[in-house]
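These notes concern the structure reproduced below.
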Amino acid sequence: MEKATHRRGLFFPILLVGLGVLLLLVNLGMIPGTTRDYLVLYWPVILILAGLDGLWRRDGLVWPLMLLGLGALFQLGNLGYLSVQALPLLSRIWPILLVAIGIDIAFGRNCGGWHKVLRAGLGLLVVAVIFWLAIAYPTGIKGREVDIKQGAEGADSSSVDISMVTGQLKLSGGATGGQLLIGKAVIPGSASLRPDYSKSISGEGQLTLKQEGYTTTWGGNGWINEYDLQIAPDLPINLATELVAGDLVLDLGGTSVKQVDSQMAVGSQLISIPCIDGLSVEVTQAVGFIALNIPEGCAVNIHLDNALVNTSIPAGYQRNGDEISFAPPGSSGVAVDVRIALAVGAVGINGSK
């Protein structure tokens, strides 16, 4: 009887080489996008490599073939070719994983001819069943579009607090006609999103916008939760945004914001600020990328509270430890005060016209 051999795995070396090449090309700017974008889109390749590794190591046939099938299925879903989400699908079909493991254990490492053919046939059958279930019972989430509109109601100033779990949030100036906040959002069908507004006797408004309900957000190759909002450009506003994971774009040039407080756990933040005396900006994030666009010629003082972070600054800016500053000729003081706290990732400070 033929004795099975157990080869050294190739999965981790291939994964490390591929990841290293990807990070290098992204860091050198040779390919567009961010590392996070590629990891979110192509993570199923890990399952595909694991399946190939199992076949190479001869760790059975059913389990490696099932990993290959799942990886291909989830990758097609991420690329938008199938309506598939990994976690909802696995929550339905996880008993099949037990079937695959059981078959490989039952056959052991017997590499005899008919055993190998039978195991390969069973492995392909398991993969076919998984694909059939994924197509027959799609798990991709369809979003619905909702309109958002909240008037200023004669307020002299206002605070705007926007809190979401995940998704893509864009906010800029542009709300006119006495409106404090307008815009559109795409959210899951079972979720709700309504402004909660009040105005004090002193004439200060307070707006809270928070999504409630189902919050699973990654479907196909894009975010299910998408928010495109505009605030009143001529009203003094204290703006606070909170996003657990996703992409945040704040284009605040041309607005009258007095204070900006932006918080995120994982993702990317792109914030463009106006040059307003006394403006205070605080950006907090655990992991990811922060890009801050500052108007050209604007006096600014930036305090960094970072850990494993690479920071880039424009020419002419001065850095002393954790302090970065720029004072144009003739300026009498600091116009904008910025505090950035990031644990792991990169910070890019850019001068914009």
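The values are calculated or read from the model by the stated rules, or taken from the named source; none is laboratory data. This structure is a prediction, so every number in the text was calculated from the model and none was measured. Cβ atoms come from the backbone with ideal geometry, glycine included; neighbour counts cover every protein chain shown.
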statement: Scanning the range 105-116 residue by residue, those within 18 Å of Met66 (Cβ to Cβ) and at pLDDT below 70 turn out to be Phe107, Gly108, Arg109, His115, Lys116
message: Filter the range 150-197 down to the residues that are surrounded by 19 or more Cβ atoms within 10 Å (Cβ to Cβ), in contact with a Ser or Thr (Cβ under 9 Å, 6 or more places away or on another chain) and not in a strand (DSSP E or B) and list them by number.
response: Ala152, Ala155, Ala191
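Tell me the residue from Ile302, Ile271, Ile294 that is touching a Leu at 6+ places or on another chain (Cβ under 7 Å) and part of a strand (DSSP E or B), please. Talk me through it step by step, then tell me what you get.
Working: Ile302 fails: touching a Leu at 6+ places or on another chain (Cβ under 7 Å); Ile294 fails: touching a Leu at 6+ places or on another chain (Cβ under 7 Å).
Of the residues listed, the single one that is touching a Leu at 6+ places or on another chain (Cβ under 7 Å) and part of a strand (DSSP E or B) is Ile271.
Kindly provide the set of residues from the range 243-260 that are of a type outside the set (A, V, I, L, M, F, W, C), assigned to a strand (DSSP E or B) and either modelled with pLDDT of 90 or more or not assigned by TED's automatic domain parsing to the domain that holds Glu153 (or both), ordered by number. I'd like the intermediate steps shown before the answer.
Initially, the range 243-260 is screened for residues of a type outside the set (A, V, I, L, M, F, W, C), giving 246-247, 251, 253-256, 258-259.
Checking the rest, the ones that are also assigned to a strand (DSSP E or B) come to 246-247, 251, 258-259.
Matches in the range 243-260: Asp251, Lys258, Gln259.
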message: Please go through the range 296-316 and give me each residue that is surrounded by fewer than 16 Cβ atoms within 10 Å (Cβ to Cβ) and more than 20 Å from Lys258 (Cα to Cα), ordered by number.
response: Asp305, Ala307, Leu308, Asn310, Ser312, Pro314, Ala315, Gly316
message: Taking the criterion of being basic (Lys, Arg), surrounded by fewer than 17 Cβ atoms within 10 Å (Cβ to Cβ), at pLDDT 90 or above and over 22 Å from Val26 (Cα atoms), would at least one residue in the range 340-353 satisfy it?
response: no
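Of the residues Leu79, Leu89, Leu65, which is touching a Leu at 6+ places or on another chain (Cβ under 8 Å), at pLDDT 75 or above and closer than 30 Å to Leu22 by Cα?
Details: Leu79 fails: at pLDDT 75 or above; Leu89 fails: at pLDDT 75 or above.
The unique qualifying residue is Leu65.
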field: Which listed residue, of Ala307, Ala240, is assigned to a strand (DSSP E or B), farther than 21 Å from Gln150 by Cα and in the same structural domain as Gly203 (by TED's automatic domain parsing)
entry: Ala307
message: Can you tell me how many residues within the range 202-226 are of a type outside the set (Asp, Glu), farther than 16 Å from Ala152 by Cβ and at pLDDT 75 or above?
response: 2
message: Can you tell me which residue is surrounded by the most Cβ atoms within 10 Å (Cβ to Cβ) among those in the range 132-149 that are at pLDDT 75 or above and in contact with a Gly (Cβ under 9 Å, 6 or more places away or on another chain)?
response: Ile148
